Amino acid sequence: MMPTRQGSFRLFRLFGIDVHLHWSWLFVAIYSVSVRVPNYRSPVWALLEYLALFLIVLMHEYGHSLACRSVGGQADQIVLWPLGGVAYVSPPPRPGAVLWSLAAGPLVNVVLFPFLVAAIIVGERAGWETNHADLNRFIWAVGMVNALLLGFNLMPVYPLDGGQILRAVLWFFIGKARSLTVATVVGFLGGAVFVLYALLHADLWLGVLSLFLIMNCWRGFQEARMLRRVEQLPRRPEFACPVCRSAPPIGAYWRCQQCRQPFDPFASSAVCPHCGSVHAVTACPDCGQSKPILAWDVRVHDV
Ligand SMILES: [Zn+2]
Ligand SMILES: [Zn+2]
Ligand SMILES: [Zn+2]
């Protein structure tokens with residue numbers, strides 16, 4: 001359950017990243033602007049406040065996307081929808097690369113924080129509260145939104161940034177699969193607390209968001225189970241990934257680029273037994289890096 005290109009239209013493309021807007025966002029935008037109108041003398045400021053929120057969310061998502069690219073990952077799409085923004089990032093499956101791609105989003109809000117505080121202080125000194133009441137309210141609202149977004153995103157509730165950062169940190173110590181299990185279990189507990197809070201305060205938005213988080217936790221939990229199964233497969237000790245040193249599993253877990261049939265490149269020197277095509281590189285199921293089969297062979301290195 002993630003917003004996709006379906007139901008959204010492309011706003012613009014910047015730094016090679018397409019920014020899409022989901023249609024449902026427009027309704028929420030109209031509602032959000034209308035509830036802000038009474039806070040200002042001129043309704044234009046209500047619109048500006050919502051646009052500033054939009055911009056902060058966008059910058060946060062660009063933080064994720066550009067950081068993911070900087071470590072060799074793929075990131076070419078951001079979708080903005082009522083629950084915020086989603087940056088479609090696939091960093092290389094290494095804990096450091098994943099951690100940086102995740103931390104860079106909240107880091108944007110951390111960088112913005114002192115500037116917004118400075119603007120509030122300048123406003124206080126210049127007496128904007130009396131002579132520029134709308135501007136003063138606007139700056140306070142933007143400062144609060146940035147701080148709230150930062151605080152909320154850093155909560156360790158998978159798949160919020162905080163929950164995914166927790167997972168990436170644990171990955172260093174207990175591995176790819178178990179770190180995801182722990183993070184999603186913590187996420188379920190956090191999601192349950194959110195649901196309780198949403199029910200007690202009749203907060204529809206938080207209720208919808210909590211269900212979304214819990215569904216994603218369930219997906220992550222299932223993925224962790226699958227990863228654990230992969231980790232437990234029998235391995236070939238005579239091969240090791242040139243990047244992460246893990247031995248490949250024994251079995252037809254690779255797909256031929258030519259005929260799309262599954263095969264085991266380590267059993268046939270990277271030649272597909274179905275169509276005979278030779279594969280220049282073989283991808284590591286653990287770290288995702290592709291290297292020539294000879295580079296995998298520990299016996300070659302030993303000579
Ligand atoms: Zn984020
Ligand atoms: Zn083939
Ligand atoms: Zn590897």
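No value in this document is a laboratory result; all are computed from the given coordinates. Everything quoted here is computed from the prediction, not taken from an experiment. Cβ coordinates were reconstructed from backbone atoms using ideal geometry, including for glycine residues, and neighbour counts include every protein chain displayed.
Among beta bridges identified by DSSP and lying wholly in region 1-154, the antiparallel ones come to about 75 percent. Does region 163-303 classify as rounded, prolate or oblate by the C-alpha gyration tensor (a ≥ b ≥ c root eigenvalues; a/c under 1.5 gives rounded; else a/b over b/c gives prolate, otherwise oblate)? Prolate.
Taken over region 78-126, the alpha-carbon convex hull comes to 94 cubic angstrom per residue. Cβ-to-Cβ counts within 10 Å put 264, 161 in ascending order as 264, 161, the fewest first.
With K and R counted +1 and D and E -1, the other residues having a Cβ less than 13 Å from that of residue 45 yield a net charge of +1.
Computed from Cα atoms alone, the Kirkwood hydrodynamic radius reported for region 166-232 is 12.5 Å. Please determine, in degrees from 0 to 90 and to the nearest 10, the orientation of helix 176-200 with respect to the longest principal axis defined by the Cα atoms of the chain, where the helix direction is its Cα long axis. Helix 176-200 sits roughly 30 degrees off the main axis of the chain.
One Cα centroid belongs to region 105-165, the other to region 168-226; the line between them spans 26 Å. Between the exposed loop cleavage positions of the chain, defined as chymotrypsin sites (Phe, Trp or Tyr not before Pro) in a non-H, G, I, E, B DSSP state with at most 16 neighbouring beta-carbon atoms within 10 angstrom, the longest gap is 16-252.
Taking region 237-303, how much of its Cα-Cα pair set, in percent, is spaced more than 20 angstrom apart? Here the long-distance tail beyond 20 Å is 20 percent of all Cα pairs in region 237-303.
Cα-based radius of gyration for the chain, normalised by 2.2 N^0.38 Å, reads 1.24. Using the charge dipole of the chain (Lys, Arg: +1 at Cβ; Asp, Glu: -1 at Cβ; taken about the Cα centre), state which of 115, 244, 209 has its Cα farthest towards the positive end. Of the candidates, 244 comes out farthest on the positive side. Rounded, prolate or oblate: which fits region 1-154 when a ≥ b ≥ c are the square roots of the eigenvalues of the alpha-carbon gyration tensor, with rounded for a/c under 1.5 and prolate only if a/b beats b/c? Judged from the Cα gyration tensor, region 1-154 comes out oblate (a/c at least 1.5, b/c at or above a/b).
In this Cβ point-charge picture (+1 for Lys and Arg, -1 for Asp and Glu), region 1-154 has a dipole of about 220 debye about its Cα centre. Here region 166-232 is treated with +1 on each Lys and Arg Cβ and -1 on each Asp and Glu Cβ, and its dipole about the Cα centre works out to around 340 debye. Separation of region 36-97 from region 262-291 is 38 Å, based on Cα centroids.
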